[in-house]
1. If ASP65 satisfies every condition in (1) assigned to a loop (DSSP other than H, G, I, E, B); (2) of a type in the set (D, E, K, R); (3) closer than 13 Å to CYS27 by Cα but one, which is the exception?
2. Go through the residues of segment 49-57 one by one and say whether even a single one is more than 26 Å from ILE72 (Cα to Cα), open to solvent by 70 Å² or more (accessible area, probe 1.4 Å) and part of a helix (DSSP H, G or I).
3. Go through (1) at pLDDT 95 or above; (2) under 29 Å from GLU25 (Cα atoms); (3) in a helix (DSSP H, G or I) one by one and return the number of the condition GLU77 breaks.
4. Based on this model, can you work out whether ASP87 counts as part of a helix (DSSP H, G or I) and touching a Ser or Thr at 6+ places or on another chain (Cβ under 6 Å)?
5. Considering each residue of segment 5-39, count those that are open to solvent by 70 Å² or more (accessible area, probe 1.4 Å) and acidic (Asp, Glu), and give that number.
6. Of the residues that sit in segment 1-45 and are of a type in the set (Asp, Glu) and without any contact (Cβ under 8 Å) to a residue 40 or more places away in the chain, which one is farthest from CYS58 (Cα to Cα)?
7. Between a residue in segment 56-78 that is without any contact (Cβ under 8 Å) to a residue 24 or more places away in the chain and any residue that is open to solvent by 60 Å² or more (accessible area, probe 1.4 Å) and not basic (Lys, Arg), which pairs come within a Cβ distance under 9 Å, given they are 6 or more apart or on different chains?
8. Which residues, taken from segment 1-50, are aliphatic (A, V, I, L, M) and closer than 22 Å to ARG64 by Cβ?
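The values are calculated or read from the model by the stated rules, or taken from the named source; none is laboratory data. Note that the structure is a prediction, hence the values are computed from the model and not measured. Cβ coordinates were reconstructed from backbone atoms using ideal geometry, including for glycine residues, and neighbour counts include every protein chain displayed. SASA here: full protein model, heavy atoms, side chains in, ligands and nucleic acids out. Shrake-Rupley method; radii C 1.70, N 1.55, O 1.52, S 1.80 Å.
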Amino acid sequence: MTNHEVWDKTIELNGVAIQSVVCMEECSELIKAISKRLRGELDIENNLAEEMADVTICLYQLARDTDVHAWIDRKTERHRKRNALQDHQSGETTR
C-alpha cells in the first residue's frame, strides 16, 4: 500500500469530522514546535520535522474533497507577483 492509499483509507475509516479534529490537534503541536525553535530550544528529537509531517498528512487527507489545488495556484501567482514587485522596488532583476 502506498502512503496515499494508507492516508485515504484512514480518512475513509475515521471520517472527515474526526480527521478534522486530528488536524487541529496536529496544527497545535506544530505551532508549539515552531515556538520552541524560535525561542532557541534544541530540537534533538527532530520534533519540528515530525510535527510538519503530521500536519502535511492531515492536510492531504482533508484536501481530498476540496479544490485546494486551484487555491494553491492562485496563492502562488499572488506570491509571484509580490516577489516581482519587491525585486523591482529593490532594484534587482529577475532571471
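1. Condition not satisfied by ASP65: (3).
2. The answer is no; no qualifying residue exists.
3. (2)
4. When the stated conditions are applied, ASP87 passes them.
5. Residues meeting the conditions: 4.
6. GLU41
7. Hits for this filter: ALA63/HIS69; VAL68/LEU59.
8. Residues satisfying the conditions are MET1, VAL6, ILE11, LEU13, VAL16, ALA17, ILE18, VAL21, VAL22, MET24, LEU30.
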